[in-house]
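Working notes, beginning with the structure itself.
The numbers here are math on the coordinates, done by the rules we state, and not lab data. As the structure is a computational prediction, the values presented were derived from the model and not from experiment. Here the Cβ positions follow ideal geometry from the backbone for every residue, glycine too, while neighbour counts run over all protein chains shown.
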Amino acid sequence: MEIKEKLLIVGCGKLGQKVGNVLSKKFDITGIKRKKLNKVINFNILELNIFNKEFAKKIKLINPDYIIYAVAADKQTKDSYQDAYVNGLRLSIDAALMCEKMKHFFFISSSRVYGQKTNNFMSELTKPLPNDFGGRALLKGEQLLENTPLSSTTLRLSGIYGNTRSHMLKLAKNPEDWPDSNRWTNRIHEDDVTNFISYILDKVNEMPIEPLYLLTDNVPTPIYDVLNWIRSELNLPIHQKISQEKLYGKKLRSKIVPELSFDFTYSDYRNGYTSIVDYNK
């Protein structure tokens, strides 16, 4: 009987559940979730709060080979972001350092760390300049992990979307809710995030793993263009909206991921949202 390596997923929201379900054939997976999950999934869930005094002891007992830290902030507040991306991450790092088999630690971060507004492309090589409490907490978490002796990687995700994430479909249907000013948007499909994690875990013993990957489809697009594309897929007329300001925001493009033998399933918003529209019909 094959003995699978152990993968621990700390934080089992939509992304954590998807990663766990997909990778359950390759790994012996345990997920940690603060609240009970009322649905059937393909791996074991441990109902546990990171801030429980038993947290580190239970992680040590699991003794994982790999940890994916995919905790999300509960609220858009400074304290919630500090707990999710700094305090909780620190406790998970401390627990990982106690595990004898620990090989690699992954932190799910966000492109929110890029606070600058520029028409230049930004990548893993661009120094992040966060401009709000969320970006600052995320960057602090990245730096915290970088300064530990753990072998680790930060996955910096741009706007994540997928079949069960219908915000943009709802927004496309209601032009009165569109932002007043057009801006650059960057996306990554949750399937591509999952596939990339699977790819890296397959390669972890074969090639050097970078400390940081920017996961984005490399096709930054004005949000009005994305919304009107979705409207066309929904057989709705194009909505002509005039922006109150000139195009602003951030344009992201990974310098590292395109050099790998990894291909996106959804290489731009067109095939991504076409798939989502079909799924939600």
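Determine the relative contact order of segment 184-281: mean sequence separation of Cα pairs under 8 Å and six or more apart, normalised by residue count, in whole percent. That works out to 43 percent.
Since only Val226, Leu214, Tyr199 are under comparison, the one whose Cα sits farthest along the positive direction of the charge dipole of the chain, derived from C-beta charges on Lys, Arg, Asp and Glu, is Val226. Only helices enter the 222 nm calculation for the chain: every DSSP H run of n ≥ 4 contributes -39,500 (n - 2.57), and dividing by all residues gives -9500 deg cm²/dmol, rounded to 500. Each peptide among 163-176, 246-259 gets the average number of other Cβ atoms lying within 10 Å of its residues, and from highest to lowest they stand as 246-259, 163-176.
Once the Cα atoms are used to define both axes, helix 14-23 deviates from the longest principal axis of the chain by about 60 degrees. Against the set [x] 33, 21, 19; [y] 29, 21, 19; [z] 53, 27, 16, the structure's computed semi-axes √(5λ) of the Cα gyration tensor in Å falls on [x].
Between Arg183 and Leu260, full extension at 0.36 nm per residue minus the direct alpha carbon distance yields a gain of 24.8 nm. Do you know the relative contact order of segment 1-160, to the nearest whole percent, from alpha carbon pairs under 8 angstrom that are 6+ apart? Once normalised by length, the contact order is 21 percent. Once the Cβ-Cβ distance of Val22 and Leu247 is raised to the sixth power relative to R0 = 45 Å, the FRET efficiency obtained is 0.80.
Given R0 = 51 Å, the distance between the Cβ atoms of His167 and Glu100 translates into a calculated FRET efficiency of 0.75. Each Lys and Arg Cβ is given +1 and each Asp and Glu Cβ -1; about its Cα centre, the chain then shows a dipole of about 660 debye. Using the Cβ-Cβ distance between Met207 and Lys75 with R0 set to 51 Å, the FRET efficiency from 1/(1 + (r/R0)^6) comes to roughly 0.85.
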